[in-house]
Amino acid sequence: MSEARLYRVALPMRIGFDHPAAKRSTSDSLVLRLELDGLTGLGECAPRAYVTGETTDSVTEALRRVPMDGLFARLRALSARDLLDRLHEDGFARTFGIDGGNNLLCLLESAVLDLVGHQLGLSARQLIPGAAQEQAGGTAPLAVSQVLDLSIDVEEFLATRGPFHFVKIKASDDVERDARTVTALRERLGAGVPIMVDANMSWSAETAVRTVRRLQDCGMDHVEEPLAKRSWEGLRTLRRETGVSVLLDESVCGIDDLRTAIAAEACDAVNVRVAKNGGLLRSAELVEHARASGLGFQVGVQVAETGPLINAGRALAFAHPGALTVEAGQSDRFFPQMIVTPAPAVDRRANTIAPAEGTGFAMALHASAERWAVLACSQERADWHAVPAV
């Protein structure tokens, strides 16, 4: 038996999240459940129009055009081990003959990898290319960063969100407010905790140098995506004139973007996010290319991931240790009840994460997920059709 089921998940968030590019009070993800001969694979994507140009609507429509009978036939044609080897060698798009945007590929690839993990009895990080030699030392907890967004003030953040290993501040539209925030954090945290300001593409080339120098004087170490997306020359100028460490996020959606950024001397590090970068396989390729080029990397998240995507990003972090920092998200704070079980955990006493225990992404859909089901197809009925409302 083979079946696919799509869930469009819009979980209300207990607390909101606010930054220069978007505000969010609900999740906005697509979750795909594949079933093949009694085993299940779960995938997820979190499209954001300001990042890749994709939305949940556009990815849903793209998925409707995917020949799912061909995907299931491919899953049956190869053994799970041969399929994993092929995925590592050729990538998901070539292996399955499916083209599309990064979030569509992430949705399908993550579901397939989860299924393969269950078939082979492998954990998620064992499914990631380049991870084999690091498996033995990759089980210690990883420290995670804390994000100060515009919905919380600095005193509450300092009082409730520690301990702190790395802090990211979402920039406001007032540089002096941001300067006060950086100053307050540096005074309380001391010199040992890195501070990064994420502008989410909101600063102009004309004011960026002055803004960066002001924030450097207050104790900022890194700046993330300060200018409009792919402003290569402006980024090079900013680095040369200020010496600031620049991490790129929205500008780097694929390996070609990263190569261009490196050639332009536009960055010091890259934010790798599984959905933004087209799935785990392409994300691992970005990490390896960044390392080979002498760049740092962050393993990041999309705000309000709801399930498989969380454990996919964590698997990447454990498979490729040495990140500048790792984001764990705030699903435990955002959602009173999640659509997966067990819910991904963060040890808030230490602000660390541990590897998920189990095969694949080590989670199953909770019964409450059915309220979000929108489409289904099966071996008997290959076309996507609407799921009756629960």
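Some observations on this one:
- With respect to the conditions (1) in contact (Cβ under 8 Å) with a residue 40 or more places away in the chain; (2) part of a helix (DSSP H, G or I), Pro129 falls short on a single one, namely (2).
- Check on Leu75, under 25 Å from Glu305 (Cα atoms) and at pLDDT 95 or above: no
- Of all residues making up region 286-306, the number that are over 23 Å from Ala345 (Cα atoms), of a type in the set (A, V, I, L, M) and in a loop (DSSP other than H, G, I, E, B): 1
- Test: residue in region 211-224 that is of a type in the set (D, E, K, R), surrounded by 17 or more Cβ atoms within 10 Å (Cβ to Cβ) and under 30 Å from Leu127 (Cα atoms): yes
- Residues satisfying the stated conditions in region 313-353, i.e. farther than 20 Å from Ser283 by Cβ and of a type in the set (A, V, I, L, M, F, W, C): Phe334, Phe335, Met338, Ile339, Val340, Ala343, Ala345, Val346, Ala350
- Check on Asp37, of a type outside the set (A, V, I, L, M) and modelled with pLDDT under 95: yes
- Qualifying positions in region 199-210 - surrounded by 17 or more Cβ atoms within 10 Å (Cβ to Cβ) and out of contact with any His (no Cβ under 7 Å at 6 or more places or on another chain): Ala199, Met201, Ser202, Trp203, Ala208, Val209
- Within region 347-361, the residues that satisfy the criterion of being modelled with pLDDT of 95 or more and surrounded by 21 or more Cβ atoms within 10 Å (Cβ to Cβ) are Ile353, Gly360, Phe361.
- Count of residues meeting criterion [in contact with a Pro (Cβ under 6 Å, 6 or more places away or on another chain) and assigned to a loop (DSSP other than H, G, I, E, B)] in region 332-390: 3
- Test result for Ala369, surrounded by fewer than 22 Cβ atoms within 10 Å (Cβ to Cβ) and more than 18 Å from the chain's Cα centre (by Cα): no
- Every test in (1) under 30 Å from Asp347 (Cα atoms); (2) touching a Ser or Thr at 6+ places or on another chain (Cβ under 7 Å) is passed by Val246 save one, and that test is (2).
- Hey, Ala284 surrounded by fewer than 24 Cβ atoms within 10 Å (Cβ to Cβ), within 18 Å of Leu142 (Cβ to Cβ), under 13 Å from the mean Cα position of the chain (by Cα) and modelled with pLDDT of 95 or more or not: yes
- Set side by side, the residues Gly279, Gly296, Gly254 differ, and just one is touching a strand residue (DSSP E or B) at 6+ places or on another chain (Cβ under 9 Å), within 22 Å of Asp90 (Cα to Cα) and of a type outside the set (A, V, I, L, M, F, W, C), which is Gly279.
- Evaluation of Thr139 against the conditions (1) under 21 Å from the mean Cα position of the chain (by Cα); (2) closer than 29 Å to Ser25 by Cβ; (3) hydroxyl-bearing (Ser, Thr, Tyr) shows that the sole unmet condition is (2).
- With respect to the conditions (1) within 18 Å of Ala315 (Cα to Cα); (2) among the hydrophobic types (A, V, I, L, M, F, W, C); (3) out of contact with any strand residue (DSSP E or B) (no Cβ under 6 Å at 6 or more places or on another chain), Leu107 falls short on a single one, namely (3).
- Any chance Leu158 is part of a helix (DSSP H, G or I), touching a Leu at 6+ places or on another chain (Cβ under 8 Å) and in the same structural domain as Val246 (by TED's automatic domain parsing): yes
- Looking only at region 71-120, residues that are surrounded by fewer than 17 Cβ atoms within 10 Å (Cβ to Cβ) and hydroxyl-bearing (Ser, Thr, Tyr) come to 1 in all.
- Residue in region 300-319 that is outside the structural domain of Val112 (by TED's automatic domain parsing), surrounded by fewer than 23 Cβ atoms within 10 Å (Cβ to Cβ) and farther than 19 Å from Val31 by Cα present: no
- Of the strands (runs of 3 or more DSSP E) lying entirely inside region 1-64, those carrying at least 1 residues that are under 17 Å from Glu109 (Cα atoms) and of a type in the set (Gly, Ala, Ser) are 2-9, 29-36, 39-45.
The values are calculated or read from the model by the stated rules, or taken from the named source; none is laboratory data. Here the structure is a predicted model, which means the values were calculated and not measured. FYI the Cβ positions are ideal-geometry reconstructions off the backbone, even for glycines, and counts take in every protein chain you see.
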